[in-house]
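Structure record follows, encoded as structure tokens.
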Amino acid sequence: MSEPWRRLPALSLKQIQYFVTLAQLRSFTETANRLAISQPALSSALRQIELVLGGKLLNRTAQGVSLTEQGEAVLPYAERLLNTAHSAFDDMQQIMQQGGDGTLRIGLVPSVSTLLFPAVPELLSEYFPDMRVEFHDLTNDALLLELENGSVDFGIGATDSTVPDSVAIYPLLEDPFVAVVRRDDPLSEGHNIPWRQLVKRDIALFSKGNVSRLVTSLIESHRLNLRVSYRVDFQETLYGLVRSRLAVAILPELYTATLNDNELTVIHLQQPTLSRTVAMMRKPAPLRSPKTEQCFQFLLQTFHRQIKEKAERNI
């Protein structure tokens, strides 16, 4: 934590808010109206930011506003500062009004929810009774952005090459990829099948994100002649395609933890094996409060213990 006596730059949070809002709206008129200030006051605030930072952030033309290269580089830091300030103010206000230790914001991808519920909220309530907890349901790519800009304290997602160096990773488990097929499909006769058995079958995948990138990379690197016929956004759509005999769905096993359908079954894919690493993620710097740090360490230890116990039961 920075020493409180260190001199801060002569910028206010409102000035940072002006810059971020203008970067989003790209219009002085709309920004001034949105913030309920005059255009001269807005221009003055932005000149002050440029003066303090020592560089030009904006280009203003008759067509509108654009960010300079330096402005584009500064914007994520300004957004993070603003998000952190909003979260901290909300926590201070809650503490003053209701008591307690503030709000813990946990981001998670939907497929890992079985790791959390119902046990984790109950444990947090028991060990951190004065901490208000929010769970933010996000795609993996959105989770990384929320971690970067400080909208969530930490998250649980999957790793790949898109995780920036500014995010620290704490691996929890390997989540293997599986195929979901109909129970009357000939493929369902085995518990494991090689990828090559899916040749000439129509494949359904998620349209974007971590799962799509991993499967696409495997297909290309191993030169598998697989026919990806459907790319969809939602898990239930994948299952619907399988039920209709239109496709075989490929996805990580954790997605199927709540699958309760007598028509469908899950088969592990091998030769080659493919898995994603599920991990807790956070900024490397100390979290915003000692209590938040304690919650993170508590959950990390809890997950490791639960995963170890489950592995021992399956031996």
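Principal semi-axes of the equivalent ellipsoid, √(5λ) from the alpha carbon gyration tensor of the stretch 174-315, are 32, 18, 15 Å from largest down. Shape of the stretch 113-179 from the C-alpha gyration tensor: oblate (a/c of 1.5 or more and a/b not above b/c, with a ≥ b ≥ c the square roots of its eigenvalues). When each of the peptides 67-78, 249-260 is scored by the mean number of other C-beta atoms lying within 10 Å of its residues, the order from highest to lowest reads 249-260, 67-78. Taking each residue as 0.36 nm, the span from T29 to R231 lengthens on full extension beyond its C-alpha to C-alpha distance by 68.6 nm.
Does the stretch 29-186 come out rounded, prolate or oblate by the C-alpha gyration tensor, with a ≥ b ≥ c the root eigenvalues, rounded set by a/c under 1.5 and, if not, prolate when a/b is larger than b/c and oblate if not? Oblate is the answer for the stretch 29-186, as a/c is 1.5 or above yet b/c matches or exceeds a/b.
On the basis of the beta-carbon distance and an R0 of 45 Å, K200 and E72 show a calculated FRET efficiency of 0.45. Against the compact-protein benchmark of 2.2 N^0.38 Å, the Cα-based radius of gyration of the chain scales to 1.23. For the chain, the longest principal axis of the C-alpha atoms and the axis of helix 140-149 are separated by about 20°. Against the chain, whose longest principal axis is taken from its Cα atoms, helix 13-25 shows a tilt of about 60°. For the stretch 191-315, with all protein chains in place and a probe radius of 1.4 Å, 49% of the accessible heavy-atom surface sits on carbon or sulfur. Choose one of T258, F28, F135: the residue whose Cα lies farthest towards the positive end of the charge dipole of the chain (beta-carbon charges +1 Lys, Arg; -1 Asp, Glu; about the Cα centre). Result: F28, furthest along the dipole toward the positive end. Between rounded, prolate and oblate, where does the stretch 185-260 land on the alpha carbon gyration tensor, with a ≥ b ≥ c its root eigenvalues, rounded for a/c under 1.5, else prolate if a/b exceeds b/c? Rounded.
Computed from backbone phi with θ = phi - 60° and the Karplus coefficients 6.51, -1.76 and 1.60, the 3J(HN,Hα) list for the stretch 256-265 is 8, 4, 9, 5, 9, 9, 5, 7, 10, 9 Hz; x is used for glycine and proline. Applying both filters, DSSP loop and at most 12 other Cβ atoms within 10 Å, to the trypsin sites (Lys or Arg not before Pro) of the stretch 135-206 gives R183, K200. The residues of the stretch 93-234 have, on average, 51 Å² of accessible surface per residue, using a 1.4 Å probe with all protein chains present.
Ranking D165, D184, D261, D175 by solvent-accessible area of protein heavy atoms (1.4 Å probe, all protein chains present), from largest to smallest, gives D165, D184, D261, D175.
For the listed residue pairs K56/K283; K283/K308; K14/K291; K208/K291; K208/K283, the alpha carbons are over 32 angstrom apart in K208/K291.
Using a probe of 1.4 angstrom, how much of the accessible area of the stretch 61-167 is carbon and sulfur, in percent? Exposed carbon and sulfur together represent 54 percent of the surface.
Computed over the chain, the per-residue total of -39500 (n - 2.57) for DSSP H runs of n ≥ 4 gives a 222 nm mean residue ellipticity of -13500 deg cm²/dmol, rounded to 500. Which FRET efficiency value, to the nearest 0.05, is calculated for E174 and R60 with the Förster distance at 51 angstrom and r the Cβ-Cβ distance? Efficiency, rounded to the nearest 0.05: 0.50.
The values are calculated or read from the model by the stated rules, or taken from the named source; none is laboratory data. Quantities reported herein were computed from a predicted structural model and do not represent experimental measurements. All Cβ positions, even for glycine, are placed from backbone atoms using ideal geometry, and neighbour counts span all protein chains on display. To get the accessible areas, we keep the full protein, side chains included, count just its heavy atoms, and leave off ligands, DNA and RNA. Shrake-Rupley method; radii C 1.70, N 1.55, O 1.52, S 1.80 Å.
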